[in-house]
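What follows is a short report on a single structure.
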Amino acid sequence: MLCYAYQKVCAPPALECTDTIASLAVIDSYVEPAAAPLRITLLGPPGVTLAGAQMAIPRRQTRALLFRLAAQAAPVPREQLCYLFWPDEPDATARRSLAHLLTHLRRALPAPDLLLTLPDQVGLNSALAWADTIAYERLIATAEPHQRADALHQAADLVRGPFLAGFSLPDRPEFDEWATLERQLWERRFLETLAALIEHHTARREYSAAIYAAQHYLSIDELAEEIHRRLIQLYALSGDRSAARRQFERCSDTLDRELGVSPLPETRAVYEAALAGEFKIENEELRIS
């Protein structure tokens with residue numbers, strides 16, 4: 001069973017109106033969820049809240065449009081939206097259908113200026129709407145060393161499960177294909193964040209926090225042998241050789257069951273060094289394969 005929820009561990013969140021380009025530019029601004037009345041969560045089962053209360057958006061297709069717009073900071077081309085929802089319709093017909101769907105969405109939203117539209121693009125007003133995907137991207141882009149670890153923890157805390165978990169449009173395979181690709185992208189981003197947290201806490205000798213992040217990683221990708229190897233080292237460094245032994249056995253069993261292979265020589269070498277008490281963390285960057 002995949003486990004996504006992460007908690008920070010320390011060692012011993014008319015048809016349409018045409019707006020100006022200047023108005024649409026606010027999509028690129030970022031506000032904290034407390035400052036934005038509308039909160040859209042996509043990293044897990046999708047949901048919409050208004051001032052902390054669950055908000056119902058009628059019609060699955062209307063919700064799908066909202067989720068697509070909320071998935072990125074930049075406005076979405078109308079042509080792309082037409083392809084996701086009406087790929088087989090003539091362009092003029094698809095654009096009329098999109099205009100009607102935007103009308104449904106605008107009526108469902110608490111304020112008409114939440115939805116910003118141009119002849120060729122549509123987006124959400126980020127001064128009034130917050131999305132976890134956009135917040136995540138801003139957090140992992142934090143470059144200042146003294147803020148980076150906390151930003152990574154905040155980003156990890158936003159992930160509650162796979163992208164748009166449990167949501168689909170069975171009669172719109174193009175939308176579902178887009179969602180599948182996004183789901184894969186977000187899983188990779190989350191694993192990269194966990195790998196960065198493992199490195200950060202290991203370097204600071206915060207082994208409990210590093211172990212937690214590594215366990216979380218393996219709950220999503222149990223075939224990541226480099227994480228098994230790092231976890232064996234971490235258990236040894238924290239003085240738990242029994243856990244190191246169990247981790248090597250779990251790694252061996254998983255690789256044999258899923259791939260029919262044995263652990264790499266370097267994994268066995270780390271395991272033997274851990275049992276002998278000759279363990280250390282090599283200064284190598286974890287790589288996501």
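Yes/no matrix, rows are residues, columns are (1) β-branched (Val, Ile, Thr); (2) not in a helix (DSSP H, G or I):
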site: Leu98; (1), (2): no, no
site: Leu101; (1), (2): no, no
site: Arg107; (1), (2): no, no
site: Pro110; (1), (2): no, yes
site: Pro119; (1), (2): no, yes
site: Gly123; (1), (2): no, yes
site: Ser126; (1), (2): no, yes
site: Thr133; (1), (2): yes, no
site: Tyr136; (1), (2): no, no
Leu169: within 30 Å of Trp86 (Cα to Cα) and of a type in the set (A, V, I, L, M), yes or no?
-> yes
Which condition does Thr117 not pass, out of (1) surrounded by fewer than 19 Cβ atoms within 10 Å (Cβ to Cβ); (2) at pLDDT below 95, if it passes all the others?
-> (1)
Ala149 in a helix (DSSP H, G or I), modelled with pLDDT under 95 and surrounded by 17 or more Cβ atoms within 10 Å (Cβ to Cβ) = yes
Pick from Glu249, Glu278: which is outside any helix (DSSP H, G or I) and charged (D, E, K, R)?
-> Glu278
Can you spot a residue in segment 190-201 that is part of a helix (DSSP H, G or I), at pLDDT 95 or above, surrounded by fewer than 19 Cβ atoms within 10 Å (Cβ to Cβ) and touching a Ser or Thr at 6+ places or on another chain (Cβ under 6 Å)?
-> no
Take segment 246-275 and flag every residue that is charged (D, E, K, R) and at pLDDT 95 or above.
-> Arg246, Glu249, Arg250, Asp253, Asp256, Arg257, Glu258, Glu266, Arg268
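The values are calculated or read from the model by the stated rules, or taken from the named source; none is laboratory data. Keep in mind that what you see is a predicted model, and the values were worked out from it rather than measured. Note that each Cβ is placed from the backbone with ideal geometry, even for glycine, and that neighbours are counted across all protein chains shown.
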